[in-house]
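Input: a single structure, listed below in structure tokens.
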Amino acid sequence: MYKKILVASDGSSYARKAINVGAEIAKRFKSELTLITVIQHPMNTFGLFGVEELGPEAYSILKKKGNDIIKEGKEQLKVYDLSIHYVLEYGNPGDTIVQYAKKNNFDLIVVGSHGYGEVTAHMLGSVSDRVNHHAHCSVLIVR
Ligand SMILES: Nc1ncnc2c1ncn2[C@@H]1O[C@H](COP(=O)(O)OP(=O)(O)O)[C@@H](O)[C@H]1O
Ligand SMILES: [Mg+2]
């Protein structure tokens, strides 16, 4: 069960929790684990801005931010004796996570319930909500 697990991180405390849960499940099922971070245009809520509109300077700042989040994840996952892949993608986070999971045949996606947005008690974050509704595979939302 769960041969390929995709954990998504935006660097938030919720994502840190999701990373630990994903790693524990991967350990239990000897799964291949991938950590994905998606960077996007600061005004890209509706997916209107591609890399071209961003310009090279802004892109390299975003890329640095994304790589820092990946680096933190790597650090956190050091204690696990697992085969782990790290991926940095550009685009709308929810859609990109869903597409990446489908294209690469993941069978579980793990996300935090929230991220850096305002936490409302009964509502999921926008990314976790989107992944939950559109993923082709099981989704674990870590609270
Ligand atoms: N840019 C991103 N890249 C990868 N994963 C993300 C990204 N943004 C959010 N996530 C994942 O989705 C979870 C929920 O975040 P999100 O839905 O953005 O909540 P909020 O609306 O509070 O920011 C995070 O804990 C993380 O697992
Ligand atoms: Mg967010």
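Please give the FRET efficiency for Met43 paired with Asn105, using the beta carbon to beta carbon distance and R0 = 35 Å, rounded to the nearest 0.05. In this case the efficiency is close to 0.60. On a 0 to 90 degree scale, rounded to 10, what angle separates helix 56-77 from the longest Cα axis of the chain? Around 20 degrees separate the two axes. Straight Cα distances below 19 angstrom link Lys17 to the lysines Lys4, Lys27, Lys71, Lys74, Lys78, with same-chain residues fewer than 8 positions distant left out.
Helix 13-29 and the longest principal axis of the C-alpha atoms of the chain enclose an angle of approximately 40°. Between Val111, Val131, Val119, the GNM of the chain built on Cα springs shorter than 10 angstrom shows Val119 fluctuating the most. Between the Cα long axis of helix 93-103 and the first principal axis of the chain there is an angle of about 50°, rounded to the nearest 10. Out of His136, Ser113, Ile5, whose Cα points farthest toward the positive end of the dipole of the range 4-142 (charges: +1 Lys, Arg; -1 Asp, Glu; placed on Cβ)? Of the listed residues, the answer is Ile5.
Using a simple spin-label model with pseudo-atoms 7 Å out from Cα toward Cβ, Glu53 and Ala121 lie 3.8 nm apart.
Just so you know, all these numbers are worked out from the coordinates, no wet-lab data involved. It should be emphasised that the depicted structure is a prediction, and the values quoted were computed from it without experimental measurement. Using ideal geometry, Cβ is built from the backbone for each residue, glycine included, and neighbour counts are taken over all protein chains shown.
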